[in-house]
Amino acid sequence: MTTATAGDAQQRHRAESDVREDYRKGPRRRGHELVDAILEATMAELAESGYAELSMERVATRAHASKGSLYRRWPNRAELVGDALQRKRANPMAIPDTGSVREDLLGYLSGMASRVNSADGEAVRGLLAETMCDPEFILMIRRRLIDPNIAEVLELLRRGAVRGEVRPTALTRQIAGVGPNLLGQHFMVYGAPIADSVLVEIVDDILMPLISF
């Protein structure tokens, strides 16, 4: 058992050395091009190895960068991953404004579902599963990903309240977070793709009774 384990470790070390050698043959990047390369490398490492195995060194190697260039910008890997995930959210979804709060909620949740149904969805799902006990990472996820979603849904509900569709007492962060949280829970348990029927159930069976007069 010990011999096999040692052999596996040696083989993995050789493979990682080969990877580092290949990456270092590429050109060095600077400025925004370097940052983009680092964030792309971070997502690639997450997809291949997960958060538990992610290291600043491997990301730097894949991005043809020095570790120093990473640490000057990100104090730890949680913040690095946070920027990589936020980069995927760089073009925020337009908050639907159809004149119907039901259609707005469906449209917003559909946009969220499209993101988790994308190529990066499974990587993010695995990442979240690995880090549920990491307080530093959970704080980053809440600040960068969850809080913006809640703020956007709250704005959507405020518009509905102005039209008389949403009771004023429903304009709370707790209620605004129900839809995104249910969608996220479904994603964690069942994975992607998230069917349209799931979004309709969340809106019609839970959200609309919760926010209506």
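Here are the numbers for this structure:
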| item | result |
| --- | --- |
| Helices (runs of 4 or more DSSP H) lying entirely in the stretch 56-140 (those with 2 or more residues that are at pLDDT 80 or above, outside the structural domain of Arg159 (by TED's automatic domain parsing) and surrounded by 14 or more Cβ atoms within 10 Å (Cβ to Cβ)) | 56-62, 67-71, 77-88 |
| Evaluation of Ile211 against (1) buried (at least 18 other Cβ atoms within 10 Å of the Cβ); (2) closer than 26 Å to Gly50 by Cα (one fails), failing number | (2) |
| Residues located in the stretch 172-197, provided they are aliphatic (A, V, I, L, M), free of Cβ contacts under 8 Å to residues at least 40 places away in the same chain and in contact with a Leu (Cβ under 8 Å, 6 or more places away or on another chain) | Ile175, Ala176, Val178 |
| Search result, residues across the stretch 156-169 that are within 12 Å of Leu105 (Cβ to Cβ) and in a helix (DSSP H, G or I) | Leu156, Leu157, Arg159, Gly160 |
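The values are calculated or read from the model by the stated rules, or taken from the named source; none is laboratory data. Small disclaimer: the values here were computed from a predicted structure and weren't measured. We place every Cβ from the backbone using ideal geometry, glycine too, and count neighbours over all the protein chains shown.
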